[in-house]
1. Name the chymotrypsin sites (Phe, Trp or Tyr not before Pro) in the range 169-265 that are in a loop by DSSP and that have at most 16 other C-beta atoms within 10 Å, would you?
2. Around ARG52, what is the net charge, scoring Lys/Arg as +1 and Asp/Glu as -1 over all other residues with Cβ under 12 Å from its Cβ?
3. Mind sorting ILE93, ILE247 by how few other Cβ atoms lie within 10 Å of their own Cβ, fewest first?
4. Quote the FRET efficiency, to the nearest 0.05, computed for THR33 versus LYS251 with a Förster distance R0 of 51 Å and r equal to the Cβ-Cβ distance.
5. Taking the Cβ of ILE95 as the center, what net charge do the other residues with Cβ under 12 Å away carry, scoring Lys and Arg +1 and Asp and Glu -1?
6. Any chance you could check the Cα centroid distance between the range 158-207 and the range 222-270 for me, in angstrom?
7. Note down the nm distance, to one decimal, between modelled labels 7 Å out along Cα→Cβ at ALA178 and at THR88.
8. ALA115 to GLU196: FRET efficiency via 1/(1 + (r/R0)^6), r the Cβ-Cβ distance, R0 30 Å, to the nearest 0.05?
Amino acid sequence: MRWGQRTAGAGVMALLVATLAPSIGAQWPEYPTPGIPRLADGKPNLEAPPPRTADGKVDFSGVWMRAGAGGGGAGGGRGRGGPPAPTTTPEGIPISQFGEVAGRGYALPIQPWAAELKKKRMADNNKDNPDVWCLPIGLMQYHNHGQPRQMVQTKNLMLITYESNYGLRYIYMDGRPAPNNDPTPWWFGYSRGWFEGDTLVVETTNFRGDEKAGWLDVNGTPYTDALKMTERFRRPNFGTLEIDVTIDDPKAYTKPFTVRVNQRIMVDQEMIEFICNENEQSTDHIPKPK
């Protein structure tokens, strides 16, 4: 829930599901988003070409909602509805989900110890998911969360602000190399981005991979500090964002695998403040992680 008003429920899963619920009403007054291509009736033209920066790069700036997380109106409201989402792309890439990183039914190339850890996490009702403890929930959970995220693109830095748990991610676009001095690992890893044509490629390493941090999805599919995540962002039109994510973690998986995250633009709306720790009471009713 927003504003930190979490309350004890029937279990940890109920708490997690509650974080996905759409807001009852807009917190901020509606204001038309500037620079939006419009149709004759004033609705956003989602099929228009993507915007570009002064140097000709595709501009990924905007407020984005996971496709399928909200319903149907043009421009991406916070309601629910619409047809069920496909499980794979036409090329056969699994569509990632909040519950399962590669969607239901896809057999991950998971190491035996990692499979056992996932079973244990699920048997414990997912009580150690960092989301339960108001901690950063990991990039794949953020990608698939039902609350929106805002991308702000500049020449040398891209920021992604996730409404859920007020996550803030930095993607460095200035050509710097990956860290090689064994720095302290990060919840969000260390992200470096560059353009390959109209595709934004982001490579992230130096993750925390401990018991608290290493959750690829709400069911506890793990990752370790060996994870290298490569994201390929594409904006084929104004209203659509496609992200292909390759998970390469030799400690937890026998080979890399790739999943797709689909998102859609939100216009004429703003992000809502999310303060998790304020008046947080649910964790008083569950055992603390070891």
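Every number here is computed from the coordinates shown, using simple stated rules; none is lab data. Owing to the predicted nature of the structure, the values given are computational and were not obtained by experimental measurement. All Cβ positions, even for glycine, are placed from backbone atoms using ideal geometry, and neighbour counts span all protein chains on display.
1. Qualifying residues, ordered by number: TRP187.
2. With Lys, Arg at +1 and Asp, Glu at -1, the net is -1.
3. ILE93, ILE247
4. 0.75
5. Taking every Cβ under 12 Å from that of ILE95, the sum is -1.
6. Using only Cα atoms to place each centre, the spacing works out to 12 Å.
7. So the label points at ALA178 and THR88 sit 2.9 nm apart.
8. So the FRET efficiency works out to roughly 0.30.
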